[in-house]
Every structure is written in C-alpha cells, then in structure tokens.
Amino acid sequence: MDTLDAGDAQHALELAGIVAFALSGATLAIRKGFDVVGIVLLALLTALGGGVIRDLLIGATPPAAFRDLELLVLPVVAALVAMVAHPLINRAFRVVLLLDAAGLALFSVTGTLLASEAGLDPVQAAFLGVVTCVGGGVLRDVVARETPVLVRADSDLYAVPAALGAGLVSTLENLGAYTPTAGLLAASAVFLLRVAAMAFDWRAPVARQPAATPRARRPLRRRPGRQPRRGR
C-alpha cells in the first residue's frame, strides 16, 4: 500500500507540474502574439520538453509523453484555458511567474525520482532532475525568440533552486528515506526559494569582467621638413 501511495503521489506531482508549465508556456505565447498553433506548441514544449529529454537520456523510449495520452491532452487543455483566461492573467503577470516556479519545484522532485528509479547514481539522477525542470523552459524561450532565462545574467535564481531540490530528493532516495511527504516538502522548499529569489532579486554570481583601460594619448608629431612658426 505504501508503494502504491508513493506512486500515486509522484504521478499527481508530475501532472500538476505539467499543467503549471503548460500554462506558463501558453501565456508567453499569447503575450508574443502567437496563433492557436503556436500557443499549443509552446505549451507542449514547456510542459513536456524536459521530460522527453530525460527519458531519451535514460533509455525510456518511447518517452512517457508519447505513451500516455493524458500527458499530451493536459497541456493542450491548459493552452486552450489560457487563451480564454489570458486577459485576467495579463492583468496579474506575477501569476505566470508563480506557475513557472510551481512547475520548477514539482519537476525537480518527479524528474529526479524517475532518473533514480532508472538505476542512476545520486549525482546523475539529480542532474537529470534539473534537466527535467529547465529543459522545457529553454525550448520555450528559443522558440519564442528570447534569450533563455537559464543563461541570462539578469535573471533571478532559476536552476539553483531546482538543483538544491533535486539534490535533496536524490540523497533521500539513495538513503532509502524518501517519502511522499518528503517530496512535497522538497518541492515546497524549491518553490519558496524561487519566489524569494524573484522577490528579493537574488542572482547567481557572474565572472568579473576586466576593467577597460584608458587609451594613452599619443604625442603630437611634426611633419618632417617643416619648422614651427615663431611668433613676432
């Protein structure tokens, strides 16, 4: 019964993350002026892109998104809901950021668990957990012709909260101490850290750029054969 409960909780977390990311991608597509095809496409990429990359890397083919109809239908429904409700969402753009933070938190747990169940060591499982979180967002931003949030120096902490959550889940799973409650707590911690980063403008450190050196002034040269004029 405990295994069944844990599996149900993991599946519920995955579905919630898919809906959250799909709404985030669809809302960005609406803001960019995409048509219905573009809105659905961006919702699908954001919601399923990271999971497809993870499944291909662990050899789970075909990926779950192409084996479970539910995983394909949910992003499409979320995209259509976003098309109807986007005037309300546009008036509260922070909702989009909160949805993205929720998807990041939920996928950091489910992605790590699936990678760990595939037999990966804790470090590799945590790495694929992060890929599950950020892969769809990178695809979303590339298709929307924006610099991915993942690599922008002016963006708030994004991959760091996901890495911390994935590392915690991977460690607990390796020690045999993971429970659905622990997964919910880890997802909550990732969500709160991401929200705090947005609220307080926390950013990852960047490399120090060399200071620009002023150009030395060259001494004036007189043309050969010409003497300076003397004052009278």
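Sorting Leu185, Leu193 on solvent-accessible area from highest to lowest, probe radius 1.4 Å, gives Leu185, Leu193.
With all protein chains in place and ligands, DNA and RNA left out, the 1.4 Å accessible area ranks Asp141, Asp8, Asp156 as Asp8, Asp156, Asp141, largest first. Counting only heavy atoms of the protein chains and using a 1.4 Å probe, Glu14 has close to 30 Å² of accessible surface.
The modelled label-to-label distance between Ser188 and Leu175, using points 7 Å beyond Cα along the C-beta direction, is 1.9 nm.
Residue-wise HN-Hα couplings along the range 171-180, as the Karplus relation 6.51 cos²θ - 1.76 cosθ + 1.60 with θ = phi - 60° gives them from phi, are 5, 4, 5, 5, 7, x, 10, 6, 9, x Hz; Gly and Pro carry x. Report note on the peptides 197-209, 171-183: ranked by the mean count of other C-beta atoms within 10 Å, highest first, their order is 171-183, 197-209.
Using a cutoff of 8 angstrom between alpha carbon atoms and counting only pairs six or more residues apart, the relative contact order for the range 30-77 works out to 35 percent. Net charge of the neighbourhood of Leu15, taken over other residues with C-beta under 11 Å away and scored Lys/Arg +1, Asp/Glu -1, is -4. Inter-label distance, Ala196 to Val77: 3.5 nm, where each label sits 7 Å from its Cα along the C-beta direction. If you take all other residues with their beta carbon under 15 Å from the beta carbon of Gly119, and give Lys and Arg +1 and Asp and Glu -1, the sum is -3.
Each Lys or Arg adds one and each Asp or Glu takes one away; over the other residues whose Cβ falls under 12 Å from the Cβ of Leu71, this sums to -3. Ordering Leu120, Leu98, Gly137 by Cα displacement along the dipole of the range 79-181 toward the positive end leaves Leu98 in first place; charges were set at the Cβ atoms of Lys, Arg (+1) and Asp, Glu (-1).
Computed from backbone phi, the HN-Hα couplings of the range 130-138 come to 5, 4, 4, 6, 9, x, x, x, 5 Hz, rounded to whole numbers (Karplus: 6.51 cos²θ - 1.76 cosθ + 1.60, θ = phi - 60°; Gly and Pro given as x). Projected label points at Asp154 and Val37, each 7 Å from Cα along the beta carbon direction, are separated by 3.3 nanometres.
The values are calculated or read from the model by the stated rules, or taken from the named source; none is laboratory data. Computed from a predicted model, the values in this text were never measured in an experiment. Cβ sites come from the backbone with ideal geometry, for glycine too, and all protein chains shown count toward neighbours. To get the accessible areas, we keep the full protein, side chains included, count just its heavy atoms, and leave off ligands, DNA and RNA. Shrake-Rupley method; radii C 1.70, N 1.55, O 1.52, S 1.80 Å.
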